[in-house]
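Q: Before I ask anything, here is the structure I am working with.
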Amino acid sequence: MRLRVVDLETTGGDRTAEIIEVGIVDVVPEGQGWKALPPVTRLFRPRGEISFHAMAVHHLTPAHFCDADPHCDEYALREMFLPEPADVMVAHAARFERGFIADTAHGGLPWICTVRSAKAVWPQAPGHSNQVLRYWRGLDLDPALANPAHRAGPDAWVTAHLLIDLLKEATLEQMIAWTAERRPVDRIPFGKHRGKAWSEPPDDYLRWMAGQGDMDADVVAAARQELERRKGPMADADDAS
């Protein structure tokens with residue numbers, strides 16, 4: 001059994017951004033428990049610009065890249081993921097990583113989100129970010145591997161140890177199930193209708209959201225659910241007439 005923890009750094013915060021750093025830490029059985037293998041990291045040269053907001057988070061600037069660094073694409077990701085096949089993909093707030101990594105890059109493996117799992121196992125935690133959980137759980141991690149925060153290798157290292165800690169209190173099957181559950185989206189989270197109830201925007205806006213392939217899957221599902229609700233019995237009767 002090999003659990004592959006992955007962390008990405010990108011040029012920006014939306015789905016049009018490019019991957020510029022990948023960190024991988026494999027977690028494998030050891031005795032009655034689990035251990036984290038050394039991190040593997042790789043820089044990918046962006047084709048476009050890195051936003052200043054992104055630089056402020058991970059501190060990767062154009063000066064970090066050289067002409068020999070490859071661009072990131074599905075082939076490059078497969079080169080990192082498939083030489084040592086894994087059984088499960090893991091990420092902290094996995095919705096972000098899943099939005100950038102196609103299933104074909106890792107063989108269509110199931111995912112574990114350590115944020116969702118931590119919220120299920122430790123609802124009393126003061127927060128559920130990587131670093132808050134790291135210190136709240138008292139993880140004694142080598143600073144050379146765990147720092148700096150918001151770089152792909154160190155963040156994957158911290159997530160790997162949170163995963164090992166979670167595995168003391170939950171099973172893989174439970175965490176995969178928690179990750180697969182739909183996240184309730186009570187209000188529209190962005191755009192010109194941000195903060196409104198799903199019942200408020202016009203049909204054409206909801207149809208646009210429902211047709212987006214690169215949008216948050218839970219948001220798309222909520223838009224589709226509202227469109228179905230609006231059809232209702234009366235809409236079906238109108239269609240029949």
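Throughout, read-outs are computed from the coordinates displayed, never taken from laboratory work. Predicted model, so just to flag it, every value in this text is computed and none were measured. Cβ atoms come from the backbone with ideal geometry, glycine included; neighbour counts cover every protein chain shown.
Q: Assign one of three labels to region 42-133, namely rounded, prolate or oblate, based on the Cα gyration tensor with a ≥ b ≥ c the square roots of its eigenvalues; rounded applies when a/c is under 1.5, prolate when it is not and a/b is larger than b/c, and oblate otherwise.
A: On the way: a/c = 2.85, a/b = 1.29, b/c = 2.21.
Verdict is oblate for region 42-133.
Q: Same structure again: Around residue 88, which amide H atoms from residues at least 5 apart in sequence, or from another chain, sit under 5 Å from its own amide H, with H modelled in the peptide plane?
A: 2, 4
Q: Taking other Cβ within 10 Å of each residue's Cβ, how do 90, 220 sort, fewest first? Can you show the working numbers first?
A: On the way: 90 32, 220 17.
So the ranking, lowest neighbour count to highest, is 220, 90.
Q: Can you tell me the relative contact order of region 1-132? Whole percent, Cα pairs under 8 Å, sequence separation 6 or more.
A: Numbers: 207 pairs, mean separation 30.6, N = 132.
Taking the mean separation of contacting Cα pairs over the length of region 1-132, I get 23 percent.
Q: Report, in deg cm²/dmol and to the nearest 500, the calculated mean residue ellipticity at 222 nm for the chain, where each DSSP H run with n ≥ 4 adds -39500 (n - 2.57) and the sum is divided by the residue count. Before the final figure, lay out the partial values.
A: On the way: 11 runs with 101 residues, N = 241.
Mean residue ellipticity at 222 nm (helix-derived): -12000 deg cm²/dmol.
Q: Then there's this: Under 5 Å between amide hydrogens, which residues at least 5 positions from residue 10 or on another chain qualify, with H placed 1.01 Å from N in the peptide plane?
A: For residue 10, whose amide H was placed from the backbone, the distant partners under 5 Å are 20.
Q: For residue 35 and residue 131, FRET efficiency with R0 = 30 Å and r from the beta-carbon atoms, rounded to 0.05?
A: 0.85
Q: How long is the gain from residue 176 to residue 224 if the chain were fully straight, where each residue apart is worth 0.36 nm and the alpha carbon distance is subtracted? Provide the component values of the computation, followed by the final result.
A: On the way: separation 48, 0.36 × 48 = 17.28 nm, distance 2.42 nm.
My answer for the length gained is 14.9 nm.
Q: Further question: Tell me whether region 98-241 comes out rounded, prolate or oblate; compute the Cα gyration tensor, take square roots of the eigenvalues as a ≥ b ≥ c, and use a/c under 1.5 as the rounded threshold.
A: Details: a/c = 2.44, a/b = 2.41, b/c = 1.01.
Taking the square roots of the gyration eigenvalues as a ≥ b ≥ c, region 98-241 is prolate.
Q: Now a separate question. Please say if region 141-183 is rounded, prolate or oblate, where rounded means a/c under 1.5 for a ≥ b ≥ c the square roots of the C-alpha gyration tensor eigenvalues, and otherwise the choice is prolate for a/b larger than b/c and oblate otherwise? Before the final figure, lay out the partial values.
A: Details: a/c = 4.48, a/b = 1.91, b/c = 2.34.
Since a/c reaches 1.5 but b/c is at least a/b, the shape of region 141-183 is classed as oblate.
Q: Within a 10 angstrom radius of the beta carbon, how do 117, 199, 51 rank from fewest other beta carbons to most?
A: Numbers: 117 26, 199 8, 51 15.
So the residues, fewest neighbours to most, are 199, 51, 117.
Q: If you don't mind, there's one more thing I want to ask. Run the numbers on the chain and let me know its relative contact order in percent, using alpha-carbon pairs under 8 Å that are six or more apart. Intermediate values should be presented prior to the final figure.
A: Values: 362 pairs, mean separation 45.6, N = 241.
Normalised by residue count, the contact order of the chain is 19 percent.
Q: How large is ³J(HN,Hα), in whole Hz, for each residue of region 133-139 in order, when computed from phi with the Karplus curve 6.51 cos²θ - 1.76 cosθ + 1.60 and θ = phi - 60°, using x for Gly and Pro?
A: Once θ is set to phi - 60°, the couplings for region 133-139 become 5, 3, 7, 5, 7, x, 6 Hz.
Q: A follow-up question, please. Sort 164, 24 by Cβ crowding within 10 Å, fewest neighbours at the top. Intermediate values should be presented prior to the final figure.
A: Details: 164 18, 24 22.
By the 10 Å Cβ count, ascending, the order reads 164, 24.
Q: Calculate, for residue 103 and residue 204, the FRET efficiency according to 1/(1 + (r/R0)^6) with r their C-beta to C-beta distance and R0 25 Å; round to the nearest 0.05. Write down the numbers at each step before the final one.
A: Values: r = 31 Å, r/R0 = 1.23.
The pair residue 103/residue 204 has a calculated efficiency of 0.25.
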